[in-house]
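Beneath this line is the structure, given in structure tokens, with notes to follow.
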Amino acid sequence: MTSALGKDLLGLEFLSSEQIRLILDTAEPFKEISERSIKKVPALRGSTIVNLFFENSTRTRISFEFAEKRLSADTVNVSALGSSVQKGETLVDTARNLEAMRIDMVVIRHGASGAAQFLADRIESNVINAGDGLHEHPTQGLLDLLTLRDRFGELAGKKVCICGDVLHSRVARSNIWGLKKMGAEVAVCGPRSLLPHGIEEFGVTVFERIEDAIQWADALNVLRLQLERMTAGYIPSSREYNRVFGVTRERLERAPHDILILHPGPMNRGVEIDSDVADGPHSVILHQVTNGVAIRMAVLYLLAGGRPELAEAAKGGAR
Amino acid sequence: MSSQRPILLRGGRVLDPSRNIDDVGDVLVSDGRIESASGRIGSHDDAEIIDCDGCIVSPGFIDVHCHLREPGREDVETIATGARAAAAGGFTAVCAMPNTDPVTDNQAAVGFIIRQAQRADASRVHVIGAISVGQMGERLAEFGEMVAAGAVAVSDDGKPVVSAQLMRTALEYARSFSIPVIDHCEEPTLALGGSMNEGIVSARLGLKGIPSEAEEIMVIRDILLARRSGGHVHLAHMSTHGSVELIRWGKDRGINVTAEVCPHHVSLTEERILSYDTNAKMNPPLRTAKDVEALRNAVKDGTIDMIATDHAPHHYDEKEREFADAPNGIVGLETALAVAVTNLVKRGHIDFRTLVEKMSCAPARLFGLPGGTFAHGSPADVTVFDPQLSWRVDPSEFLTKGRNTPYAGMTLEGRAICTIVGGKVVHRLASDGANARQSRASSG
């Protein structure tokens, strides 16, 4: 059966606004499940899901695992460490083996851009991209959209600026596609050495000064500065980065209106974001984490063929 | 390759830009040499007659840039399979790059390839020796001994010559042997980690890009070093519109620079990678429509001297992996002609005369190779191709061991019907191809 999302969720670039809205709407009733004492519904009972993590990840893997367990799926976690991947098994061999085990879904995190599509093209199971290289991280993009929608009510017309290392960020790409499709205005801000060449062709505004971005934006999605970027020579130091591009309370206080602060985590406090901003009244960072489970439940549920109107009914199954 | 039965190629369009011939007529080959190539030749009782009606009969194509993988990776290609694939593609001669294992950087290695090519008994295989020992970019290889053993050029292809001083020395030293120095133009620090063109598509796909400037910086460096040294620099696989402008600048000043373009760079753009298809991954990478247009114009106006394949076979499982980790390169010997006919000639960018000039006459003339002409007494290296024959690319039918092509499943026009090397037929299109040709003829 083909779901309303198709076979796989590989990125937001090729989802329609209707499909994105469907995922966000489907996530709404799933939020409530996490609030219960018995956090479980039988929607995916009997389904087998493999979480295939070729890159270290804590929060994304745990979030998916919670989502799967709350939908009553049977899950297996495979990490590259200690797996046959370390013995030289290729991704295509891994895919063939998984397929032979008759699994239903694969959640894949991989360091290579396109790895999720590579897998999806070769196996019958549903594939969910949990982050592929520098390409996309669609469930992170969706949970950001849901968090913004929770606060703003409607995304159309809202101004969102993605700040920091856009060049190496799969979160940024998913955010740009998702936000634009939902009618938001999107900007990026960071040193030019950390912005993709030709980023303007994505249809986004570019700010080279964080102060200008703060004057413009309704929300800032602050990206983590990866320390290896400094050793690779993209920026001189984390200290200078904080002084020139850091999202600080002093800078935010000069904004013409309140600005929502998002961050996909994990944060480098005192580098791209100061602690009093991360923990301040405008931060929705922990709300993002909560929404992450609901979004992943919605995606799993929809890809498994669940119909949105049944999501409400699925809630009742555990009662 | 002599003392064979004469061959009379009858009734084709005889096209030899080197002698300004473009007439419907016959070509007579005798004792491995061109006997006659003008007008109608009367009955010739003992000759094998090949009907060339509707076909173009031209001096044999010469590919100055291919990778035959032997020695070292005979599982991927051998000199024999490469030479047979070349013949099937209409090439009467190919030049094998030295990035083998071990590297072709000495006279013994050159001699090995020449002996293997003689055993293959298909298209001629010329040898390109390495510029530096082991292609390490540190110490000049023994050009003189390699040339004495049969090498026709030097290159570290697969790797750029990073040291400007080494490149300068190579250009100066190569003058003693009248051979071109071929460079793979890539500034390595800019290209580091890149797997496709840098631009909007790489930004979308999250793949690290290789900017055009990585090529262009080395192009202008090499042109300036050629001016300083007086050597002949040949720039391999040009891919950007900026490179074209720089080459034009150099040629306008009389600098001894020649350049080649590959069929894929004049027919495909970076959008071909949107599905992460590793069969479209090569180095230099596919670029933008603007680059493709500039390269096509450069072929037309003479800025680009020749068309070369950069034939680079890989095992299917080496390509069957994550895009950034997959090896660069595609096979090209059996599709080059059709890709060029379909994308350059049929779209009106160049005529068949220019095509033959770029694929035969210019490579022979500029690299000092036999062939490339129908002059009386020259080696009987001949390509007969049907410019109208349309065919669907099916990699499983290739004679190369490689199946890595971005043209799989595409319908292209133009195909070699017959390839003659030294007066001997080394390729005839199989009967299914002949049937297709028949079907083309009867339908129209």
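Tabulated results
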quantity	calculated
Distance between region B:322-383 and region A:204-225 - C-alpha centres, whole angstrom	52 Å
Intensity falloff of region A:149-254 expressed as log10 I(q)/I(0), Debye formula with alpha-carbon point scatterers, at q = 0.12, 0.19 Å⁻¹	-0.39, -0.94
Accessible area expressed per residue, region A:35-151, with surrounding protein chains retained (probe 1.4 Å, Å²)	41 Å²
FRET efficiency estimate (nearest 0.05) - Cβ-Cβ, B:D317 to B:R40, R0 45 angstrom	0.25
DSSP beta bridge pairing in chain B, given as percent antiparallel to the nearest 5	50 percent
With Cα atoms, 0 to 90° folded angle of helix B:431-443 axis to chain B main axis	70 degrees
Positions from region A:133-153 whose accessible area shrinks by 40 Å² or more when the full protein complex is built, not the chain alone, probe 1.4 Å	A:H135
Length released on extending from A:S193 to A:R151, taking residue separation times 0.36 nm less the Cα-Cα span	11.9 nm
Relative contact order of chain A, defined on C-alpha pairs under 8 angstrom at six or more residues apart (%)	23 percent
Heavy-atom accessible surface of region A:17-106: percent carbon and sulfur, 1.4 Å	50 percent
Solvent-accessible area of B:M146 with every protein chain in place, 1.4 Å probe, in Å² to the nearest 10	0 Å²
Exposure of A:T94 as accessible area (Å², to 10), given a probe of 1.4 Å and all protein chains	10 Å²
Solvent accessible area, Å² - A:W216, 1.4 Å probe, full protein context	50 Å²
Inter-probe distance in nm under a simple model that places probes 7 Å from Cα toward Cβ, at A:R249 and A:E208	3.2 nm
Fraction of beta bridges assigned by DSSP in the protein assembly as shown that are antiparallel (%, nearest 5)	30 percent
Dipole magnitude of the protein assembly as shown, debye to nearest 20 (Cβ charges: Lys/Arg +1, Asp/Glu -1, about Cα centre)	920 debye
Residues of region B:231-368: accessible area per residue with a 1.4 Å probe, Å²	29 Å²
Along principal axes, Cα extents of chain B, largest first, whole Å	64, 47, 44
A:K158, B:K159, B:K290, reordered so the largest accessible area comes first (probe 1.4 Å)	B:K290, B:K159, A:K158
Among B:50-61, A:134-145, the order from most to least packed when residues are scored by Cβ within 10 Å on average	A:134-145, B:50-61
log10 of Debye I(q)/I(0), alpha-carbon scatterers only, for region B:315-371 at 0.16, 0.28 Å⁻¹	-0.69, -1.06
Simple spin-label estimate for B:R115 and B:S176 in nanometres, 7 Å along Cα-Cβ	2.7 nm
Translational D in µm²/s for the protein assembly as shown (Stokes-Einstein at 4 °C, 1.567 mPa s, Kirkwood Rh from C-alpha pairs)	45 µm²/s
Check: region B:1-135 dipole with +1 on Lys, Arg Cβ and -1 on Asp, Glu Cβ, in debye	220 debye
Equivalent ellipsoid dimensions for region B:379-419 as semi-axes, Å, which come from the Cα gyration tensor, largest first	21, 15, 7
Region A:18-87 - Debye-derived log10 I(q)/I(0), Cα point model, q = 0.13, 0.16, 0.29 Å⁻¹	-0.48, -0.69, -1.22
Per residue convex hull volume, Cα atoms of chain A, in Å³	133 Å³
Within chain B, helix-based [θ] at 222 nm, where runs of 4 or more DSSP H residues each add -39,500 (n - 2.57), nearest 500	-8000 deg cm²/dmol
Total lysine pairs under 24 Å (Cα atoms) in chain B, excluding pairs fewer than 8 apart on one chain	22
Ellipticity estimate at 222 nm from DSSP helix runs (n ≥ 4, -39,500 (n - 2.57)) divided over chain A, nearest 500	-11500 deg cm²/dmol
Those lysines that a straight Cα-Cα span of less than 24 Å connects to A:K181, excepting residues fewer than 8 apart in one chain	A:K7, A:K31, A:K158, A:K159
Centroid-to-centroid separation of region B:257-277 and region A:92-155 [C-alpha atoms, Å]	30 Å
Cα centre as origin, Lys/Arg/Asp/Glu Cβ charges: region A:6-137 dipole, Debye	500 debye
Solvent-accessible area buried by pairing B with A, both sides, nearest 100 square angstrom, 1.4 angstrom probe	1500 Å²
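The values are calculated or read from the model by the stated rules, or taken from the named source; none is laboratory data. None of the values given here were measured: they were computed from a predicted structure. Heads up, the Cβs are rebuilt from the backbone with ideal geometry, glycines too, and the neighbour counts pull from every protein chain shown. Protein only, heavy atoms only, side chains kept; ligands, DNA and RNA dropped before computing areas. Shrake-Rupley method; radii C 1.70, N 1.55, O 1.52, S 1.80 Å.
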